[in-house]
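Worksheet: one structure, shown below.
Every read-out reported here was derived from the displayed coordinates using simple, explicitly stated rules and does not represent laboratory data. Please read all numbers here as calculations on a predicted model, not as lab measurements. FYI the Cβ positions are ideal-geometry reconstructions off the backbone, even for glycines, and counts take in every protein chain you see.
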There are 2 protein chains.
Amino acid sequence: MGRWEPGAGNRLRVAAMELYVEQGFDQTTVAEIADRAGVTARTFFRYFTDKREVLFGGSAELEQRLVQALEAAPADATPIGAITAALDSAADSLGDHRDYARQRHLVIAATPELQERELIKMASLATALAAALRRRGVPDPGAGLAAEAGVAVFRVAFERWVTAPANTPLREVMRDTLGELTALTALG
Amino acid sequence: MGRWEPGAGNRLRVAAMELYVEQGFDQTTVAEIADRAGVTARTFFRYFTDKREVLFGGSAELEQRLVQALEAAPADATPIGAITAALDSAADSLGDHRDYARQRHLVIAATPELQERELIKMASLATALAAALRRRGVPDPGAGLAAEAGVAVFRVAFERWVTAPANTPLREVMRDTLGELTALTALG
């Protein structure tokens, strides 16, 4: 058995999510996760620092991806146009994993500690997007507002997407949600 | 010396804020706060459960005030119109205390634990405003989006207000910021 077992990271992720949904995040131990994935607890800790990281391990990567998409938007894109490019890239990287996203959403909604962690992740994303807009020359308060609006759209669209009966493409739900925000503010 | 000393709560609040700004939140003890306010630590604990509550004790009351203002908005107000009523009431209750607000802002910005607490407070506010909009008959995702947009405007406007060199009325900064959001989304 090598240091990295092929597929063990993914098996652990699937096993953890099943257990979190079945019996709750707080009630689940690393030993149980490892057991269900057919590996040792030691193997678990080669992939994740703790059982929370199974759910949040991809956060930094996602944030980086969104910032890069915003940076790659055409120079003449409006602030919300650049934010839309970031939202599209989020949809592209998350959109194929709706079952996983739905389970994750359920687990987080049921666990205050995880909700806090999710809030911190979203605040970090807003800060990173605002900084990227400022680097494009967008002045404040526009940069901060566009970033906050983008994260609000992301959050609301994501929840719509995972809770809807039909699997509408995430990119479409994001764009619709942004359109709704525009319509709401236009009505004043 | 009675159980409640007249003015002790306020003296403690002022003393705590001075110490948090001077030497940092983490470095300040309840004994020091009580000492500066000229009371005992026991008196401190008659007013506050801990040194964090000095900064967040008014959160539930503020949230309630905003929800009540939203509920009192005319029945034909748009979702953002109702949110504007809530923002106006926030401005009315916070607008006269800019020095305190600025100090509080500095202390929170310097302390990760307090930033997290502030994020939770803002998320709770968004949830409460969205629920109040739903009770007015606003369907989702509009209710959630309008509430998130309102909190984004609140947050950005509040930071503009406390960091600006001139003391522009908070209500005006809130309205301007909402106008900026409308303009940004209209540009798309």
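Please state the charge dipole magnitude for the protein assembly as shown, taken about the Cα centre, from unit charges on C-beta atoms (+1 on K and R, -1 on D and E), reported in debye and rounded to the nearest 20.
Dipole magnitude for the protein assembly as shown comes out near 360 debye.
Viscosity 0.890 mPa s, temperature 25 °C: what is the translational diffusion coefficient of the stretch A:27-168 from Stokes-Einstein with a Kirkwood Rh over Cα pairs, rounded to a whole number of µm²/s?
The estimated diffusion coefficient comes to 148 µm²/s.
Before anything else, pin down the relative contact order of the stretch A:1-136: Cα pairs under 8 Å, at least 6 apart, normalised by residue count, whole percent.
In percent, rounded to a whole number, it is 25.
Could you list A:Tyr20, B:Tyr100 in order of exposure, starting from the residue whose Cβ has the fewest other Cβ atoms within 10 Å?
Listing A:Tyr20, B:Tyr100 from fewest to most nearby Cβ atoms yields B:Tyr100, A:Tyr20.
About the Cα centre, and with charges only on the beta carbon of Lys, Arg (+1) and Asp, Glu (-1), how big is the dipole of chain A? Nearest 20 debye, please.
Value, rounded to 20: 360 debye.
Which angle between 0 and 90 degrees, to the nearest 10, do you get for helix A:79-94 versus the longest principal axis of chain A when only C-alpha atoms count?
On a 0 to 90 degree scale, this one is about 20.
Taking the inverse of the average 1/r across all pairs of different Cα atoms in the stretch B:5-82, what Kirkwood radius in Å do you get?
One decimal place: 14.4 Å for the Kirkwood radius.
May I ask which residue of B:Thr185, B:Tyr100, A:Leu181 lies farthest towards the positive end of the charge dipole of the protein assembly as shown, with charges of +1 (Lys, Arg) and -1 (Asp, Glu) on Cβ and the Cα centre as origin?
So the residue we want is B:Tyr100.
Taking θ = phi - 60°, what integer Hz values does the Karplus form 6.51 cos²θ - 1.76 cosθ + 1.60 yield along the stretch B:131-144, in sequence order, with x for Gly and Pro?
Coupling constants for the stretch B:131-144: 5, 5, 5, 4, 5, 7, x, 6, x, 7, x, x, 4, x Hz.
Find every distance from the label point of B:Glu22 to the corresponding label point in the other copies (7 Å from Cα along Cα→Cβ) and write them in nm, one decimal, shortest first.
Shortest to longest, the spacings are 5.8 nm.
Can you tell which of B:Ile83, B:Ala69, B:Gly58 lies farthest toward the positive end of the dipole of the stretch B:1-104, using +1 and -1 charges on the Cβ of basic and acidic side chains (Lys, Arg; Asp, Glu)?
Working it through, the farthest residue towards the positive pole turns out to be B:Gly58.
List, in order, the whole-Hz ³J(HN,Hα) value for each residue of the stretch A:167-182 obtained from phi through the Karplus relation with A = 6.51, B = -1.76, C = 1.60 and θ = phi - 60°; use x for Gly and Pro.
Once θ is set to phi - 60°, the couplings for the stretch A:167-182 become 8, 6, x, 4, 4, 5, 5, 4, 5, 4, 5, 4, x, 5, 4, 4 Hz.
Place a +1 charge on the Cβ of each Lys and Arg in the stretch B:146-188 and a -1 charge on the Cβ of each Asp and Glu, then give the dipole magnitude about the Cα centre in debye, rounded to the nearest 20.
80 debye
Would you mind listing the distances between the A:Glu116 label point and the same position in each other copy? Use 7 Å along Cα-to-C-beta, nm, one decimal, shortest first.
Nearest first, the other copies' label points are 0.5 nm away.
Can you classify the protein assembly as shown as rounded, prolate or oblate using the Cα gyration tensor, where a ≥ b ≥ c are the square roots of its eigenvalues, rounded means a/c under 1.5, and otherwise it's prolate if a/b beats b/c and oblate if not?
oblate
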